[in-house]
Structures are given as C-alpha cells and as structure tokens.
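Only one structure is covered here, and it is reproduced in the block below.
Please treat every number below as a calculation from the coordinates, not as lab data. Given the structure is predicted, the values throughout are model-derived calculations rather than measurements. Every residue, glycine as well, gets a Cβ built from its backbone with ideal geometry; the counts of neighbours run over all protein chains shown.
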Amino acid sequence: MTAPRPQSIPVFLLVKSAFQVLWQQRDDALRLGFIPTLICFATLVYSQSTMISVMQQIQADAREQVSSGDSFVVLVSALISLLSLAVLVANWLRFALLGPMAAIGLGLNIGRPHVSFVVTCIALFFVSLIALMVISMPLLFLGGMVKGVGFAIVVIAVLVGIARLLPFAVGQAIGQPLSLQQSWTVTRGNGVALALALILVLLPLWMVLFIVSNVMFAIGFGQTAPLAMLFIGSVFQSAGTILQAVVLAGAYRQLVGIRA
C-alpha cells in the first residue's frame, strides 16, 4: 500500500507570506543578518577590483590570462560570503522553527547544528554539480536550439531534485535530523513547487535592486559612492537569503512538522 500523497505546497501563498514575515520580524532579520551582511560587504570590497578584472578577461575571451592568484581571491571571497549566508539561513531556520531562544543575539553562537547544516549544503552543492555534468554529457553531441533546450531541462531537473532534499538540510539546522529517503518521501509531488517558491521569492528583490541601481547610477550616486552601492547589494543579498529561509521554514513545517 502506497503512502498518502503529501499536501501540496501553496507556492504563491508561501512567497507572499515570506515577505509578510520578513516585514513583521524585521528587527530579528536585522539582528541575525547584521554580521553576514558586513561579511558579504567586506568580501565585495576586498575582491571588487579582482572580480572586475577577471570578468573583463572572460568577456574578452582571454580566460588563459586569468592568473591563479586572481582566481584564488575570487573563489575565497565567494566561499566566505556563501558560508556566512549559510549560517544566516541556519539561524533563521532555528529562530522560525524552534523559537527566539534558538538563535539569540547576533547569531554568533555557532554550534553543531550550524556546522552540520553548512556541511550538508556544501555536499548538496557538489552533488548538484556532479549530477549536472553527468546528465549533460549526452547533450554535448547535440547542437543548436536542441542543446540549449536540453540543458535547460537538465538544470530544472537538478534544481527540483535538490529541492526535494532540502528538508534533510533543514533537519540538520534545527537538530531534528531525518534521512535522505525521508526527505525525498515528504517532498513527493512538491519538488517543483518548492523550487519555484525559492526562485519566485527572489524576483521582487531583483527587480527592486535593478531599479534602485539604475536610478543611483543615473543620478551619479553610483559613480561617486561605489562602496555604498556594494553595501546596498549586500543588504539585498541578505534579505533574499532570509526570504528563502522563510520559505524553507514554512515548507518544512507543512511537510515534516516540528517535534516537541
């Protein structure tokens, strides 16, 4: 006898509620996002010139001229930013699912659940890369539009697959672990919805950031205060990360539930 089909995730309601939660709990968002935002800002300031140089060389189709030192700076800066954002997600998940006492202060009390969550996220990232490369291999023999469409389908399939494993990562963050099989089972029929919600929740922020950036550069503020623009970008990055954490928490509460 097959297990009953889990209740479907209401994508748009989940996205809408994420913004409502962010606004209602903005003080906690500022509290938990303060240090990660500063870290992201610091890494951007440190690696800005190097990143611009690397991007210019890549656009000029001169990848072989990118030095190992520049590549190392970009890689380490990106890794530090991602790790700080992963800790932010872990803290917000603990705050949302376990209560305020599970993420006190500025979220600097990093313990085993945080480490387990970060390690799990890194593992899922590499699994997604390997899956993407392996599944995409047959596409190398194709050409034109067929190759592009095929690659898009592969990317979507990998994103949905990773989304179905995210409850496993959430369980690590809150100290209530479940197996990969359990994660795959509870998200049955909801992989597309969860992946879509995680993407859609970022769209309004991207649009606002695009508008703000263009206005700032149009009035000359972007040219005269580049550090301020980097800080604004870091703030939007942290806000987007918290929104995705809110979506994850809501989906986990519906699909898995919290043990007392």
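Taking the average, over residues, of other Cβ atoms within 10 Å as the packing measure, peptides 136-146, 165-175, 198-208 rank 165-175, 198-208, 136-146 from highest down. Each residue of the range 45-56 is assigned a 3J(HN,Hα), and the resulting list reads 4, 5, 9, 4, 4, 5, 5, 4, 4, 5, 5, 5 Hz, derived from the Karplus form 6.51 cos²θ - 1.76 cosθ + 1.60 (θ = phi - 60°), x at Gly and Pro. Cα gyration tensor of the range 79-176, axes a ≥ b ≥ c as square roots of the eigenvalues: rounded (a/c below 1.5), prolate (a/b > b/c) or oblate? The shape class here is prolate. Couplings 3J(HN,Hα) for the range 100-115, derived from phi with the Karplus relation 6.51 cos²θ - 1.76 cosθ + 1.60 (θ = phi - 60°), are x, 5, 7, 8, 8, x, 8, x, 8, 7, 8, x, 4, x, 4, 4 Hz, where x marks Gly and Pro.
Matching the structure-derived volume of the Cα convex hull per residue in Å³ against the labelled list [x] 189; [y] 138; [z] 171 gives the label [z]. Summary value for the range 11-255: 31 percent relative contact order, contacts being C-alpha pairs under 8 angstrom separated by 6+ residues.
Normalising the average separation of contacting C-alpha pairs (under 8 angstrom, six or more residues apart) by the number of residues puts the relative contact order of the range 145-255 at 28 percent. Whole-Hz Karplus values for the range 164-179 come out as 5, 9, 5, x, 4, 5, 4, x, 5, 5, 9, x, 10, x, 10, 7 Hz, taken residue by residue from phi with 6.51 cos²θ - 1.76 cosθ + 1.60 and θ = phi - 60°; glycine and proline positions read x. With helices as the sole contributors, the chain gives -26500 deg cm²/dmol at 222 nm; each DSSP H run of n ≥ 4 counts as -39500 (n - 2.57), and the sum is divided by every residue.
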